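> Got a structure for you, questions after.
The values are calculated or read from the model by the stated rules, or taken from the named source; none is laboratory data. Remember, predicted model here, so these are calculated numbers, not experimental data. Here the Cβ is made from the backbone with ideal geometry for all residues, glycine too, and neighbour counts use every protein chain on show. For accessibility, only protein heavy atoms count, side chains too; no ligands or nucleic acids. Shrake-Rupley method; radii C 1.70, N 1.55, O 1.52, S 1.80 Å.
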Protein chains: 2
Amino acid sequence: MSEPGLACCTPLTGTAMSPGQAEQVAPLLKALADPVRLRLVSLIAASAGGEACVCDLNDAFDLTQATISHHLKVLHTAGLLDRDKRGVWVYYAVRPGALAAVANLFDTAVLTPA
Amino acid sequence: MSEPGLACCTPLTGTAMSPGQAEQVAPLLKALADPVRLRLVSLIAASAGGEACVCDLNDAFDLTQATISHHLKVLHTAGLLDRDKRGVWVYYAVRPGALAAVANLFDTAVLTPA
DNA sequence: AGAGCACATCGACGCACGTCGATGTCTGAA
DNA sequence: TTCAGACATCGACGTGCGTCGATGTGCTCT
């Protein structure tokens with residue numbers, strides 16, 4: 001750590017997240033990085049039975065039905081929500097372990113230094 | 001649960017995430033919902049001492065120095081990274097408890113049904 | 001068969017985001 | 001004082017995202 005242009009600090013030892021792993025996890029976080037989708041997941045998880053139908057979710061927001069349907073599709077495509085059609089209604093449920101996987105991410109791959 | 005247009009399922013009992021809480025947490029996730037920023041946080045956390053200078057972070061990516069500086073600013077503005085200027089170099093460190101707060105989010109406010 | 005409802009899809013709009021090259025600011029050394 | 005290096009900021013470009021109204025699809029009941 002003397003002249004500029006040379007190694008100025010530590011060579012980044014320790015195992016960090018790989019680029020491939022980062023590009024695999026980022027879409028999951030991106031799907032959750034929206035106030036509406038965050039509330040949607042929370043509402044579904046807090047519902048009785050861990051599932052909720054779109055009609056009820058629609059009433060919880062001041063948004064168009066098309067917008068809610070779009071957000072639900074994003075969450076479903078990301079693998080966070082399970083879709084179950086029963087007659088006229090469609091029920092969404094939080095995919096078991098999906099959120100836990102995200103939570104583990106911060107406990108294992110990122111937080112732990114060594 | 002008979003005629004369409006009436007209450008078709010459960011009235012969303014249980015405590016879900018409030019709209020204000022969602023809009024407060026979403027920016028945190030949005031800051032992390034990028035492969036480059038995810039790797040940046042991971043690299044910094046995995047570095048010796050839990051901190052890393054920008055010059056080393058720059059070499060880990062095939063991106064312009066301006067782009068890396070931009071991503072670091074986003075993470076710092078979101079409250080995830082601490083900035084410490086020492087002479088010519090700038091060291092970034094993961095803000096203590098910042099990632100843990102995000103991890104707790106999925107364990108308390110969202111995951112737990114009842 | 002027809003009507004009505006629940007939900008998905010489509011096309012379009014405005015805005016925010018990721019990236020870049022160029023330039024500015026500050027520090028330490030000659 | 002001058003110069004070179006480290007990092008931030010600026011302006012611009014293309015792309016993606018959130019939202020909407022309109023329309024399509026599938027189901028149920030009459």
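> Provide a whole-number value for the mean count of partner chain Cβ atoms within 10 Å of the Cβ atoms in peptide B:78-86.
Working: counts 0, 0, 0, 0, 0, 0, 0, 0, 3.
Per residue, the number of nearby Cβ atoms from other chains is 0 on average.
> So what are the radius of gyration and Dmax for the Cα set of segment B:15-105, in Å?
14.0, 50
> Using a 7 Å offset from Cα along the direction of the beta-carbon, what are the separations from A:Pro27 to the same position in each other copy, nm, ascending?
2.8
> Let me ask another. Could you name the lysines whose alpha carbon sits less than 21 Å from that of A:Lys85, not counting residues in the same chain fewer than 8 places away?
A:Lys73
> How crowded by other chains is B:96-106, given as the mean number of beta carbons from other chains within 10 Å of each beta carbon? Could the numbers behind the result be given before it?
Working: counts 0, 0, 2, 5, 3, 1, 7, 8, 2, 7, 12.
Across the residues of B:96-106, the mean count of other-chain Cβ atoms within 10 Å is 4.
> Sticking with this one: Go through B:Ser18, B:Ser47 and list them by solvent-accessible area, largest first, probe radius 1.4 Å. Intermediate results must be reported in sequence, preceding the final value.
Working: B:Ser18 50, B:Ser47 5 Å².
Correct descending sequence by accessible area is B:Ser18, B:Ser47.
> Tell me, what HN-Hα J-couplings in whole Hz come from the Karplus equation 6.51 cos²θ - 1.76 cosθ + 1.60 at θ = phi - 60° for each residue of segment B:63-77, using x for Gly and Pro?
10, 5, 4, 5, 5, 4, 4, 5, 5, 5, 5, 4, 5, 5, 5
> What is the calculated FRET efficiency for B:Thr77 to A:Ala60, with r their C-beta to C-beta distance and R₀ = 35 Å, to the nearest 0.05? Don't skip to the end; give the middle numbers.
Working: r = 30 Å, r/R0 = 0.86.
Efficiency computed from Cβ-Cβ geometry: 0.70.
> Now, a different point. Can you give the average number of partner chain beta-carbon atoms within 10 Å of each beta-carbon in peptide B:22-33, as a whole number? Mind showing how you got there, number by number?
Working: counts 9, 5, 2, 4, 8, 2, 2, 11, 6, 2, 9, 10.
Averaged over the peptide's residues, the number is 6.
> If each label sits 7 angstrom from Cα along the C-beta direction, how far apart, in nm, is B:Asp84 from its counterparts in the other copies?
Label-point separations across copies, in nm and ascending: 5.1.
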